[in-house]
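Take a look at the structure set out below.
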Amino acid sequence: MLRHVTIILTLFLAATLALPAQEPSKGSGVGKAGAEIINYFTKPKQQVISDSRSQFYLSTNLFDWVDFATINLDFGMPVAQRWSLVAGAKFNPWTFKPTKGDYTEVYNHQMSFSLGARFWPWYVNSGWWACAKVQYTDYAITGVWRPALDTGKGVGLSLSVGYCLMINKHINLDFGGGFWAGRMFKHTVYQSIRRMEVREDGPMNFIAINDITIGIQYLF
């Protein structure tokens, strides 16, 4: 009896190995459930992430508004799961005339533009980010830190890091900070706006704090 069973099992095994390999199908005898199991282990895995937060956004920095009412606006557009393009502009034309103190005028005039990219370790527009930008500025400042009039035009590279806190589907709070370094191709420092004696003049390299951000983003 055992001999007959052994012969039958041997013939069955040989017939099974002789069958050609084929994809699971309706006629393969595997069935729908079996095909799903096979596909689960054989097909490459793909992480399914909702694209509900993949929209472009507009944002404004409250820190800049407090800094002598500097008008500012940033634009961001996702280009991949962890990357977005960013562009921004700042403009400050205001002049203040204190009624007290030694300064006749106080202002932080500027016109700045930037273009760069943000990297998001988790997902675009959410969580931690790191940003690199090329930046241009044209500024004139006096009375803010000292009576001297400091003017210049320059370009440089900005690096910053921060965190984007999701409030709801359309609103983010954005926090960050960094620095930028580059070249002032035009730079002059005068004694004051009353005494226009030149203290410094000529191109110079620089490094400065930049992109201190307490912002509000609106995602479309």
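The values are calculated or read from the model by the stated rules, or taken from the named source; none is laboratory data. Note that this is a predicted model, so its numbers are computed, not measured. Positions of Cβ are generated from backbone atoms using ideal geometry, with glycine treated the same way; all protein chains shown enter the neighbour counts. Protein only, heavy atoms only, side chains kept; ligands, DNA and RNA dropped before computing areas. Shrake-Rupley method; radii C 1.70, N 1.55, O 1.52, S 1.80 Å.
Could you please tell me which pairs satisfy a Cβ distance under 9 Å, a separation of 6+ or placement on different chains, a first residue in the range 82-110 that is among the acidic types (D, E), and a second residue that is open to solvent by 60 Å² or more (accessible area, probe 1.4 Å) and assigned to a loop (DSSP other than H, G, I, E, B)?
Pairs found: D102/P147; E105/K97.
Kindly indicate whether K133 is within 15 Å of A208 (Cα to Cα), buried (at least 20 other Cβ atoms within 10 Å of the Cβ) and of a type outside the set (G, A, S).
yes
Restricting the search to the range 167-195, which residues are open to solvent by 90 Å² or more (accessible area, probe 1.4 Å) and more than 19 Å from the chain's Cα centre (by Cα)?
Matches in the range 167-195: R183, F185, K186, R194, R195.
Name the pairs: first residue in the range 145-156 and closer than 12 Å to Q191 by Cα, second residue modelled with pLDDT of 95 or more and of a type in the set (A, V, I, L, M), Cβ to Cβ under 6 Å, at least 6 apart or on different chains?
If the second residue must be modelled with pLDDT of 95 or more and of a type in the set (A, V, I, L, M), the pairs left are A148/V189; D150/I141; D150/V189; T151/A140.
I'd like the full set of residues that are of a type in the set (F, W, Y) and under 15 Å from D74 (Cβ atoms), limited to the range 84-119.
Within the range 84-119, F91, F113 qualify.
Rundown of residues vs (1) crowded, with 18+ Cβ neighbours inside 10 Å; (2) under 30 Å from Y57 (Cβ atoms); (3) acidic (D, E), yes/no style:
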{"position": "D138", "(1), (2), (3)": "no, yes, yes"}
{"position": "E197", "(1), (2), (3)": "no, no, yes"}
{"position": "Q217", "(1), (2), (3)": "yes, yes, no"}
{"position": "F220", "(1), (2), (3)": "no, yes, no"}
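Of all residues in the range 93-112, which are open to solvent by 70 Å² or more (accessible area, probe 1.4 Å), at pLDDT below 95 and either closer than 17 Å to M196 by Cβ or not in a loop (DSSP other than H, G, I, E, B) (or both)?
F96, D102, Y103, listed by residue number.
In the range 137-148, which residues are in contact with a Ser or Thr (Cβ under 6 Å, 6 or more places away or on another chain) and modelled with pLDDT of 95 or more?
Residues satisfying the conditions are T137, A140.
Can you pull out every residue in the range 199-215 that is open to solvent by 20 Å² or more (accessible area, probe 1.4 Å), at pLDDT below 95 and under 17 Å from the mean Cα position of the chain (by Cα)?
The answer is D211, and nothing else.
Please indicate, with yes or no, whether at least one residue in the range 80-89 is of a type in the set (A, V, I, L, M), modelled with pLDDT of 95 or more and within 29 Å of V189 (Cβ to Cβ).
yes
I'd like to check which strands (runs of 3 or more DSSP E) are fully inside the range 156-220 and have at least 3 residues that are in contact with a Gly (Cβ under 9 Å, 6 or more places away or on another chain) and of a type outside the set (D, E). Show your work before the answer.
On the way: elements: 171-190, 198-201, 204-219.
Those strands (runs of 3 or more DSSP E) span 171-190, 204-219.
Could you tell me which numbered condition D138 fails, if it satisfies all but one of (1) part of a loop (DSSP other than H, G, I, E, B); (2) free of Cβ contacts under 8 Å to residues at least 40 places away in the same chain; (3) among the charged types (D, E, K, R)?
The single condition D138 does not satisfy is (1).
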